[in-house]
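Single-structure report; data block below.
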Amino acid sequence: MKVISIYNQAGGAGKTTVTRDLGYALTQLGFRVLLIDLDSQASLTRWLGQLTPGADGSKAAGTRLDRTVFPVLTDPDADLPEPLSAFGMDLIPANTKLSVGDSVLYDDQNRMGQLRAAIRRVEGYDFVLIDAPPGRTAMALAGVAASDHLLIPVNVAKALDNIDNVAEVLTTARRFSPTLSVLALVPHSFMRNTRHHKDVLRGMQEDLAALAPTTTPISHKDTLYDDATLYQQPIAVYAPRNSAPEEYRRLAGEVLGLLGMQPAAGVTP
């Protein structure tokens, strides 16, 4: 089982989009995927339709604090809750109540490794993808520390201003996960005819090569992704004939290659 956090200290870096659509692409390649939403903004949970009330007016399961990672943060013996199901993936949701997680971890930093331990007790998954919150919060650190690998999405329109800060979080997280590595940088919102975007991509490929390889960029298609979010679907479900799903299938293939893995038996990439 590979545990990967998708993290960048900057907000708007594309963490949730990458988590959702990479997770779905891996599922389509035959892998069993668990998504964990650690952000109290709950974008991943909402974007997968898990905060929408039932047709009968019943509350969505994702609104309950006990369905999030919160019990694991307070009890070292607690297991992850029963996940929700979304588009062939499993999901541990988040909601606004999860904002108390930071204070719980700040009060007792010995709890910082409890999420990591709980994930290691889970069986039946090939990948666990963690959508970590932005910033240098305790919850972000717990998510990164729970991981084997880190994917860093980079919005090329916003340049590389926060990469040094990510390195600081990595240093702290390695106290709990000594073998934690940066698997790749994932450039997105890329426009091939924009000089600034090409300069940022070149900087990632050359100046940051010692930190991690850079994947093939994800193209700028903001309106399409906004629509998929509005309809609470992965991009490959919302627009299966568009080129965007193919870009995420390619990203999934690159991630597998970096991990030395192949698609599940009988599945064509």
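The values are calculated or read from the model by the stated rules, or taken from the named source; none is laboratory data. Keep in mind it's a predicted model, so treat the numbers as computed, not measured. Positions of Cβ are backbone-derived with ideal geometry, glycine not excepted, and every protein chain shown enters the neighbour counts.
Pick out the one residue from 118, 78, 132, 86 that is of a type in the set (A, V, I, L, M) and under 29 Å from residue 164 (Cβ atoms). Within the list 118, 78, 132, 86, the selection yields 132. Of the residues 202, 192, the single one that is in a helix (DSSP H, G or I) and over 21 Å from residue 149 (Cα atoms) is 202. A single member of 172, 215 is within 20 Å of residue 2 (Cβ to Cβ), polar (S, T, N, Q) and either surrounded by 18 or more Cβ atoms within 10 Å (Cβ to Cβ) or free of Cβ contacts under 8 Å to residues at least 60 places away in the same chain (or both), and it is 215.
Checking 229, 223, 214 one by one, the residue that is touching a Pro at 6+ places or on another chain (Cβ under 8 Å) and either under 18 Å from residue 86 (Cα atoms) or not acidic (Asp, Glu) (or both) is 214 and no other.
Quick one: what pairs do we get from the stretch 197-211, first residue under 18 Å from residue 157 (Cα atoms) and modelled with pLDDT under 80, second surrounded by 15 or more Cβ atoms within 10 Å (Cβ to Cβ) and of a type in the set (S, T, N, Q), C-beta under 6 Å, 6+ apart or different chains? If the second residue must be surrounded by 15 or more Cβ atoms within 10 Å (Cβ to Cβ) and of a type in the set (S, T, N, Q), the pairs left are 204/214. Among the residues that make up the stretch 133-140, is at least one of them crowded, with 21+ Cβ neighbours inside 10 Å, under 19 Å from residue 18 (Cβ atoms) and modelled with pLDDT of 95 or more? No, that holds for no residue.
Okay, residues lined up against (1) farther than 15 Å from residue 17 by Cα; (2) in a helix (DSSP H, G or I):
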position	(1), (2)
211	yes, no
217	no, no
237	no, yes
248	no, yes
252	no, yes
256	yes, yes
261	yes, no
